[in-house]
Amino acid sequence: DAGITQSPRHKVTETGTPVTLRCHQTENHRYMYWYRQDPGHGLRLIHYSYGVKDTDKGEVSDGYSVSRSKTEDFLLTLESATSSQTSVYFCAISESAGGVSEQYFGPGTRLTVT
Amino acid sequence: RKEVEQDPGPFNVPEGATVAFNCTYSNSASQSFFWYRQDCRKEPKLLMSVYSSGNEDGRFTAQLNRASQYISLLIRDSKLSDSATYLCVVFTGGFKTIFGAGTRLFVKA
């Protein structure tokens, strides 16, 4: 299995609070992604990174920001959590850009916003 | 219309059965195609890539039909361990990878 960890694995937070999720990889892959997964939807891309300090928006980026200060770490921040952001969040990494090559996923973070 | 559509199922089949899933995609310029498998409350994992000429990996066969814009996954001799959700994944270029919502499969003894 690819070396990807996510923390925390579970979190319950209140509406309006900021939340930061962490993704850590030991594979030295250049590309990293944050997705959310909701019932009835496929995984949807929130933000992605193509290198240290190089990030861009995905399909559902409103209300989220990211940072990547080191190759191995990619942080996702919910600036002011809302109930619509209750979801399962997956981090992924890949050797090549986008979907050209396999994406390896972390174990996920289950976030509940009350 | 969703960019990638799958029958959500569930498909309930007995062990040893053959089962097939289809997935349609809307972007004719899509470049790469994959099937991922996701176990309950786990992360998705690549099952197989889908090549234009079709490809096989053991009991699994994937087909691509560009003219009709669909891909398929055939599972032969189903095992209990095949019970999972199967995600159709389409790469359309840049960083745009579209995941289908998945098809649930239950294999029963």
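Which of the residues that make up the range A:36-49 are at the interface with chain B (Cβ under 8 Å from one of its Cβ atoms) and under 20 Å from B:T92 (Cβ atoms)?
A:H41, A:G42, A:L43, A:R44, A:L45, A:Y48, listed by residue number.
What tally of residues in the range B:1-26 results from selecting those that are within 12 Å of chain A (Cβ to nearest Cβ) and either in contact with a His (Cβ under 6 Å, 6 or more places away or on another chain) or open to solvent by less than 70 Å² (accessible area, probe 1.4 Å) (or both)?
5
Would you mention how many residues in the range A:71-90 are more than 9 Å from chain B (Cβ to nearest Cβ), of a type outside the set (S, T, Y) and within 10 Å of the chain's Cα centre (by Cα)?
3
Could you tell me how many of the residues in the range A:73-103 are out of contact with any Gly (no Cβ under 9 Å at 6 or more places or on another chain) and open to solvent by 20 Å² or more (accessible area, probe 1.4 Å)?
9
At positive phi, away from chain A (no Cβ under 14 Å) and not polar (S, T, N, Q): is that true of B:G102 in this structure?
When the stated conditions are applied, B:G102 does not pass them.
Among the residues of the range B:65-99, which ones are among the basic types (K, R) and within 14 Å of another protein chain (Cβ to nearest Cβ)?
B:K96, the sole residue that qualifies.
Residue by residue through the range A:91-114, note down the ones that are under 17 Å from B:Q38 (Cα atoms), under 15 Å from the mean Cα position of the chain (by Cα) and either part of a loop (DSSP other than H, G, I, E, B) or among the basic types (K, R) (or both).
Correct list: A:Q103, A:G106, A:P107, A:G108, A:R110.
Which of the residues that make up the range A:27-63 are out of contact with any Asp or Glu (no Cβ under 6 Å at 6 or more places or on another chain) and among the hydrophobic types (A, V, I, L, M, F, W, C)?
A:M32, A:W34, A:L43, A:I46, A:V52, A:V60
When residues of the range A:1-57 are filtered for being open to solvent by 50 Å² or more (accessible area, probe 1.4 Å) and aliphatic (A, V, I, L, M), how many remain?
2
So in the range B:27-37, with the set limited to residues that are in contact with a Phe, Trp or Tyr (Cβ under 8 Å, 6 or more places away or on another chain) and open to solvent by less than 60 Å² (accessible area, probe 1.4 Å), which one is farthest from A:F90 (Cα to Cα)?
B:S30
If we keep just the residues of the range A:98-112 that are among the hydrophobic types (A, V, I, L, M, F, W, C) and within 7 Å of chain B (Cβ to nearest Cβ), which is nearest to B:V89 (Cα to Cα)?
Looking at residues that are among the hydrophobic types (A, V, I, L, M, F, W, C) and within 7 Å of chain B (Cβ to nearest Cβ), I get A:V100.
May I ask you to list the residues in the range B:27-45 that are touching a residue at least 12 places away in the same chain (Cβ under 8 Å), within 28 Å of B:R1 (Cβ to Cβ) and within 14 Å of another protein chain (Cβ to nearest Cβ)?
B:N27, B:A29, B:S30, B:Q31, B:S32, B:F33, B:F34, B:W35, B:Y36, B:R37, B:Q38, B:P44
The values are calculated or read from the model by the stated rules, or taken from the named source; none is laboratory data. Small disclaimer: the values here were computed from a predicted structure and weren't measured. Because the Cβ atoms are built from the backbone with ideal geometry, glycine has one as well, and the counts that use them run over all protein chains shown. Note: areas computed on protein heavy atoms with side chains; ligands, DNA, RNA excluded. Shrake-Rupley method; radii C 1.70, N 1.55, O 1.52, S 1.80 Å.
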